[in-house]
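J.: Have a look at this one.
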Amino acid sequence: QVQLVESGGGLVQAGGSLRLSCAASGGIVRINAMGWYRQAPGKQRELVANIIRGGSTNYVDSVKSRFTISRDGTENTVYLQMNSLRPEDTAVYYCHAMITGGVVWGQGTLVTVSS
């Protein structure tokens, strides 16, 4: 069974940077896309960024030019480099993978940006 393990969340001041990592393990099958969603208190979960198997990327408008999604050579680990963080980026960030047969979610990692 595929599992996603996230790391890299924490507390940072506005303007700072954090890097999130997400590694897929356990019975790896074809991963068609990996990415990050976030959910702030009282808000719906939203897609932040994802990377498709062929390498194309997508970002929500609010993070373009500040966040960068990338992956390693195995395509089983994805990273989210977050720069120029703002208080409104505060949320639980969830790793997400679209695999053959369904989707998988990570447990979430909290990112808190203080003003």
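J.: Looking at region 46-55, is at least one residue modelled with pLDDT of 95 or more and surrounded by fewer than 17 Cβ atoms within 10 Å (Cβ to Cβ)?
T.: Looking through region 46-55, at least one residue is modelled with pLDDT of 95 or more and surrounded by fewer than 17 Cβ atoms within 10 Å (Cβ to Cβ).
J.: Sort out which residues of region 6-40 are part of a loop (DSSP other than H, G, I, E, B), open to solvent by 30 Å² or more (accessible area, probe 1.4 Å) and farther than 17 Å from Ala97 by Cβ, and write them in order of number.
T.: Within region 6-40, Gly9, Ala14, Gly15, Ser17 meet the criteria.
J.: I'd like to verify a number: residues in region 14-55 that are within 12 Å of the chain's Cα centre (by Cα), among the hydroxyl-bearing types (Ser, Thr, Tyr) and more than 18 Å from Ala91 (Cβ to Cβ), how many?
T.: 0
J.: Is one or more of the residues making up region 91-101 farther than 15 Å from Ala24 by Cα, open to solvent by less than 30 Å² (accessible area, probe 1.4 Å) and in contact (Cβ under 8 Å) with a residue 24 or more places away in the chain?
T.: Yes, region 91-101 contains at least one residue that is farther than 15 Å from Ala24 by Cα, open to solvent by less than 30 Å² (accessible area, probe 1.4 Å) and in contact (Cβ under 8 Å) with a residue 24 or more places away in the chain.
J.: Within region 62-80, is even one residue among the aromatic types (Phe, Trp, Tyr), closer than 24 Å to Ser115 by Cβ, open to solvent by less than 60 Å² (accessible area, probe 1.4 Å) and at pLDDT 95 or above?
T.: Within region 62-80, one or more residues are among the aromatic types (Phe, Trp, Tyr), closer than 24 Å to Ser115 by Cβ, open to solvent by less than 60 Å² (accessible area, probe 1.4 Å) and at pLDDT 95 or above.
J.: Taking the condition of being under 19 Å from Gln1 (Cβ atoms), part of a strand (DSSP E or B) and out of contact with any Gly (no Cβ under 6 Å at 6 or more places or on another chain), how many residues in region 79-115 meet it? Break it down stepwise before answering.
T.: Restricting attention to region 79-115, the residues satisfying the condition of being under 19 Å from Gln1 (Cβ atoms) are 94-108.
Now restrict to residues that are part of a strand (DSSP E or B): 94-99, 102-105.
Subsequent filtering for residues that are out of contact with any Gly (no Cβ under 6 Å at 6 or more places or on another chain) retains 97-99, 102-105.
Final tally of qualifying residues: 7.
J.: When you scan region 6-33, how many residues do you find that are β-branched (Val, Ile, Thr) and modelled with pLDDT of 95 or more?
T.: 1
J.: Just to be sure I understand, how many residues within region 60-83 are free of Cβ contacts under 8 Å to residues at least 12 places away in the same chain, among the hydroxyl-bearing types (Ser, Thr, Tyr) and farther than 21 Å from Ala24 by Cα?
T.: Summing the residues that are free of Cβ contacts under 8 Å to residues at least 12 places away in the same chain, among the hydroxyl-bearing types (Ser, Thr, Tyr) and farther than 21 Å from Ala24 by Cα in region 60-83 gives 1.
The values are calculated or read from the model by the stated rules, or taken from the named source; none is laboratory data. Everything quoted here is computed from the prediction, not taken from an experiment. FYI the Cβ positions are ideal-geometry reconstructions off the backbone, even for glycines, and counts take in every protein chain you see. Just the protein is used for accessible areas: all its heavy atoms, side chains included, with ligands, DNA and RNA removed. Shrake-Rupley method; radii C 1.70, N 1.55, O 1.52, S 1.80 Å.
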